[in-house]
Structure formats: C-alpha cells, structure tokens
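Have a look at the structure below, then the notes.
The values are calculated or read from the model by the stated rules, or taken from the named source; none is laboratory data. As the structure is a prediction and not an experimental result, all values here were calculated from the model. Using ideal geometry, Cβ is built from the backbone for each residue, glycine included, and neighbour counts are taken over all protein chains shown.
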Amino acid sequence: MSLFYAYHNPMVRTVIDSATKFAQESGNQQIVLDCLSALAAGSASTVKHARADSAKSERMCMLVLVTCCILYDWISPKGVSDAQSGIDAKAALDLVSERTLVDSTPADKVLRANCRTLR
C-alpha cells in the first residue's frame with residue numbers, strides 16, 4: 001500500500017524540499033534561481049562547445065545541468081519550461097538527449113521524470 005504514496009526517488013525529493021524551503025524562507029528565491037541559471041548556462045556551454053578536458057568532466061557538466069534544471073523547476077513558481085525562465089529548457093533537453101548519466105539512464109529521461117513542468 002505504501003508504494004502508492006512513496007516518491008519515486010526519495011533522495012531527489014529531499015534535496016528539492018530542502019532547496020525550496022531555503023529559497024522561500026531566506027527571501028533569496030530570485031538569487032537562488034539566478035545562481036542555478038548561471039550554473040546551468042556554464043555547464044551547457046562547456047558541453048555544447050566540447051570544452052571539457054575529459055569524458056569525466058563532460059559527464060559532471062551534464063549532471064550539473066540536469067540538477068540545475070530540476071531544482072529550478074521546483075523552486076520557481078512557474079517552472080523551468082516557462083518562457084520567462086532563466087534556463088532554456090528546450091535547449092537543455094536537446095543537449096542532454098542521447099547522453100547517459102548513471103547506470104546507462106538517459107539524461108533526458110531523468111530530467112523529464114524529476115521536473116514538474118517539463119514533460
């Protein structure tokens with residue numbers, strides 16, 4: 001019975017809840033969103049222009065990009081897929097498609113599964 005109430009990824013849920021709580025309670029929500037946007041832009045640029053010095057560095061940039069998109073989606077009231085979002089969700093999806101993260105899981109699948117507005 002508890003399967004129907006459990007989150008599909010409790011660790012991600014805990015990080016999202018903590019980050020959202022911090023952003024809202026500290027009054028720094030826009031600053032947090034701006035930081036996530038900057039991190040995502042830097043990671044996306046590194047991957048897009050093949051600036052990573054190793055495959056391990058590129059994989060780390062992919063993880064950072066996906067994580068920033070997920071956190072932005074939950075912290076921002078309108079989500080990452082909104083036209084006013086600081087992260088270009090369509091470009092991020094295009095960039096992460098056909099790339100894998102952990103255990104051969106496609107990055108775009110991880111992104112779509114953990115975002116509330118991106119499907």
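Miscellaneous remarks
- Failed item in (1) in contact with a helix residue (DSSP H, G or I) (Cβ under 6 Å, 6 or more places away or on another chain); (2) without any contact (Cβ under 8 Å) to a residue 12 or more places away in the chain, with E98 passing the rest: (1)
- Flag for D34 being of a type in the set (D, E, K, R) and modelled with pLDDT of 95 or more: yes
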